[in-house]
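Colleague: One structure follows; several queries about it will come next.
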Amino acid sequence: MAAAETGFILVVEGGIPVKMPHACMMAERPIADWIAQLAQRAGVLVAAGTCAALGGIPRMNGTLTGSATLLEFIRQRGIEKPLVALPNCPMKPEHLLYTLLHYLKLGRPPELDALARPRHFFGHTVHERCIYYADFQERRYAERIGDDGCLLKLGCQGPVTRNDCMRFGHNHNTNTCIRAGHPCVGCASERFPRQIMLHTYDDRRAIMHAFES
């Protein structure tokens with residue numbers, strides 16, 4: 001890349017370890033230095049995946065790297081650039097391709113919500129389009145993984161997770177958590193990962209954590 005080149009699209013995957021710079025090095029320089037240098041010249045930034053977009057696993061209690069999202073990082077460095085957040089763990093390649101093509105064709109990011117996510121993908125919760133929505137309305141709840149019925153009481157994060165999984169799943173729409181009989185783990189949510197991820201039907205902590213802010 002030429003030193004004077006500007007206006008490119010910078011895609012960053014993963015959290016940025018601002019309190020432990022040596023946790024991620026490239027060419028003997030902290031990755032944070034590279035991102036700061038490139039972000040200054042980029043035309044638009046893309047936070048690829050939940051860690052870069054919303055925090056994700058590197059932000060769990062007890063981690064030491066001081067991981068920052070891409071948006072937090074550029075604000076800390078005083079960098080003002082348009083940014084698109086594409087949470088999912090892993091990120092859906094269709095989301096990235098759509099975002100890139102939209103910017104290349106129209107010269108601007110797609111319409112975004114308050115968390116910089118494209119409304120085209122994150123305009124609805126998983127719950128709104130769930131295949132078990134009728135069961136939820138009738139209060140038919142599964143008691144164990146594999147049971148028929150709404151998975152809410154097994155800790156399903158569908159009501160608090162905005163994503164398009166029920167329309168376009170992972171791996172070329174091969175499957176999703178819920179279609180496979182497992183509660184939504186909320187991998188595209190700002191609440192991911194929860195401190196309580198595995199639990200039983202009658203574990204009240206799991207139900208409360210499903211809706212904690």
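Colleague: Residues in segment 168-175: is at least one in contact with a Phe, Trp or Tyr (Cβ under 9 Å, 6 or more places away or on another chain) and either farther than 21 Å from Phe192 by Cβ or open to solvent by 40 Å² or more (accessible area, probe 1.4 Å) (or both)?
Modeller: Within segment 168-175 (the criterion being in contact with a Phe, Trp or Tyr (Cβ under 9 Å, 6 or more places away or on another chain) and either farther than 21 Å from Phe192 by Cβ or open to solvent by 40 Å² or more (accessible area, probe 1.4 Å) (or both)), the answer is yes, since at least one residue qualifies.
Colleague: Is at least one residue of segment 93-107 hydrophobic (A, V, I, L, M, F, W, C), closer than 18 Å to Asn173 by Cα and in contact with a helix residue (DSSP H, G or I) (Cβ under 7 Å, 6 or more places away or on another chain)?
Modeller: No; the residues of segment 93-107 include none that is hydrophobic (A, V, I, L, M, F, W, C), closer than 18 Å to Asn173 by Cα and in contact with a helix residue (DSSP H, G or I) (Cβ under 7 Å, 6 or more places away or on another chain).
Colleague: Quick check: is even one residue across segment 16-23 in contact with a helix residue (DSSP H, G or I) (Cβ under 8 Å, 6 or more places away or on another chain) and free of Cβ contacts under 8 Å to residues at least 24 places away in the same chain?
Modeller: Yes: segment 16-23 contains one or more residues that are in contact with a helix residue (DSSP H, G or I) (Cβ under 8 Å, 6 or more places away or on another chain) and free of Cβ contacts under 8 Å to residues at least 24 places away in the same chain.
Colleague: Considering every residue within segment 94-103, establish whether at least one is out of contact with any Leu (no Cβ under 9 Å at 6 or more places or on another chain), exposed (fewer than 14 other Cβ atoms within 10 Å of the Cβ) and assigned to a loop (DSSP other than H, G, I, E, B).
Modeller: So far as segment 94-103 goes, no, none of its residues is out of contact with any Leu (no Cβ under 9 Å at 6 or more places or on another chain), exposed (fewer than 14 other Cβ atoms within 10 Å of the Cβ) and assigned to a loop (DSSP other than H, G, I, E, B).
Colleague: Let me ask something else about it. Considering Ala42, Ala36, Ala53, which residue is under 26 Å from Pro110 (Cα atoms), crowded, with 19+ Cβ neighbours inside 10 Å and out of contact with any Pro (no Cβ under 8 Å at 6 or more places or on another chain)?
Modeller: Residue meeting the stated conditions: Ala42.
Colleague: Of the residues in segment 37-60, how many are at pLDDT below 95 and in a helix (DSSP H, G or I)?
Modeller: Summing the residues that are at pLDDT below 95 and in a helix (DSSP H, G or I) in segment 37-60 gives 3.
Colleague: Give the residues of segment 61-93 that are open to solvent by less than 20 Å² (accessible area, probe 1.4 Å) and either outside any strand (DSSP E or B) or among the small types (Gly, Ala, Ser) (or both), sorted by residue number.
Modeller: Hits for segment 61-93 are Ser67, Ala68, Thr69, Leu70, Phe73, Ile74, Ile79, Ala85, Pro87, Asn88, Lys92.
Colleague: Within segment 22-31, is even one residue in a loop (DSSP other than H, G, I, E, B) and not small (Gly, Ala, Ser)?
Modeller: Yes - at least one qualifying residue is present in segment 22-31.
Colleague: Something else about it: Within segment 151-164, is even one residue part of a loop (DSSP other than H, G, I, E, B), surrounded by fewer than 17 Cβ atoms within 10 Å (Cβ to Cβ) and at negative phi?
Modeller: No.
Colleague: Being in contact with a strand residue (DSSP E or B) (Cβ under 8 Å, 6 or more places away or on another chain), under 21 Å from Asp164 (Cβ atoms), outside any helix (DSSP H, G or I) and open to solvent by 90 Å² or more (accessible area, probe 1.4 Å) is the filter here; which residues of segment 109-150 pass it?
Modeller: Glu111
The values are calculated or read from the model by the stated rules, or taken from the named source; none is laboratory data. Being a predicted model, the structure only gives us computed values, none of them experimental. Reconstructed Cβ throughout: ideal geometry from the backbone, glycine too, with neighbour counts over all protein chains shown. Surface accessibility is based on the protein's heavy atoms, side chains included, excluding ligands, DNA and RNA. Shrake-Rupley method; radii C 1.70, N 1.55, O 1.52, S 1.80 Å.
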